[in-house]
Amino acid sequence: MKSFIIFLAILGITFGLANTMISDSGYVLISYNTTTFESTLWGLFLLIGLAIGALWLIWIILKLIFDVTGFIYPMTSGAKERRARKLTTRGFVEFTQGHWKKAERLLSQAADYGSSPLLNYLAAARAAHENDDPEASAEYLRRADHKEPGAELAIGITQAQLQLSSGQLEQALATLTKLHKQVPRHAYVLKMLKQVYTRLNDWQSLAALLPKLKKQKVVSDEEYRTIELQCFEALFNQAFNNGRSFTSLDQKIEPATQIWNSLSSSQKHNSAMIYRYGKCLTDLGAQEKAETLLRENLRKHYSSDMALLYGKIKGKDVKKQLHFAETMLNERPNDADLLLTLGRLSLRNELWGKAREYFETSLRLSKRIDTYNELGRLLAHMEDHEKSSLYFQEGLRLAAGSVVDLLPTKVTDKK
């Protein structure tokens with residue numbers, strides 16, 4: 001309806017204008033010196049319209065000519081920049097859509113035309129990498145380095161990222177090591193170094209990098225603690241594998257001791273570090289040294305892992321070892337893990353009744369497979385085979401994830 005009204009309005013205006021032109025065509029006289037120009041008013045308007053149209057047509061033709069010649073051979077810096085901007089925009093659009101080959105072509109052309117080729121060459125290198133063309137990717141990086149000799153860091157980071165992405169870990173390490181020497185505090189370089197060391201299982205290098213990661217706040221505190229524990233757990237495992245090939249005890253524990261001595265003061269007060277060192281010493285046969293380590297640290301840096309390990313090792317004096325553990329019970333009377341350890345140390349001291357009491361108290365606080373098994377073994381040794389069998393069965397049920405709460409209570413009630 002609205003369109004029809006507009007059509008009627010236009011039609012009315014047209015008829016009105018035609019009627020005016022017919023009834024009064026007007027007269028125009030233009031005189032300059034001896035030259036005169038005569039025309040009707042409407043003829044003059046038509047002539048002016050034609051002149052404007054001709055000028056507009058000439059402008060379009062000239063613009064097309066300059067655009068074509070600019071495509072074939074850019075004639076001005078402005079033409080180059082305009083061309084480069086258009087190619088860059090189109091190239092990044094193709095890049096975001098995953099059209100790698102087309103993006104590579106457009107971005108490399110933009111780099112050739114523009115006055116700032118670095119960004120385009122780096123993006124073209126990424127597109128070539130995604131298109132599984134490592135040679136082209138490397139060539140674009142070389143061109144970027146040639147065009148922008150002061151952009152080694154950006155080029156090196158891009159190169160390392162592409163090497164990491166394609167699994168070229170050794171090459172990435174070489175690239176990042178070079179960058180790290182140039183910019184030792186660069187957070188992103190440090191972060192990529194962390195990734196390379198982790199993927200290469202180069203725990204010693206990662207351990208040396210940890211202080212820098214913390215100082216430059218490359219990772220969060222929680223992530224730092226996770227990496228630290230992962231790193232030193234792997235290092236102590238390596239120390240165990242290296243040490244067990246020797247026959248002398250001093251030679252066996254030397255790799256683990258070197259790792260321990262390399263730790264900072266705060267790391268030596270970390271219960272997880274203490275446990276891992278103590279576990280390594282224990283597995284290598286240095287139980288007395290492990291007992292001394294744990295006894296010196298358990299009270300101040302207590303952890304369940306350390307307490308449980310302390311009950312499995314044999315120190316130089318097992319009576320003093322039991323006495324020390326019992327002194328901690330005053331501070332932790334309801335600690336099921338400590339009670340399990342006390343039961344084991346009582347067994348080592350052949351105190352059967354005390355061991356049974358510690359095991360049963362531990363079970364009342366927390367049902368553990370180890371505690372059921374220890375109590376079952378103790379009762380079998382004491383020739384109480386019926387109850388021993390019940391505890392072993394309960395341990396099996398717990399291992400299977402279907403423990404019944406009633407049985408331990410009935411057993412422990414029948415002292």
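Quick look at the numbers
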{"quantity": "Pick from region 149-182, criterion over 11 Å from Val196 (Cβ atoms), β-branched (Val, Ile, Thr) and under 20 Å from the mean Cα position of the chain (by Cα), ranking: surrounded by the most Cβ atoms within 10 Å (Cβ to Cβ)", "calculated": "Thr158"}
{"quantity": "Cβ-Cβ under 6 Å pairs, at least 6 apart or on other chains, region 216-242 side of a type in the set (Asp, Glu), far side modelled with pLDDT of 95 or more", "calculated": "Glu233/Arg276"}
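The values are calculated or read from the model by the stated rules, or taken from the named source; none is laboratory data. Quick caveat, the model's predicted, so the values are computed rather than measured. Counting neighbours? That spans all protein chains shown, and the Cβs are built from the backbone with ideal geometry, glycine included.
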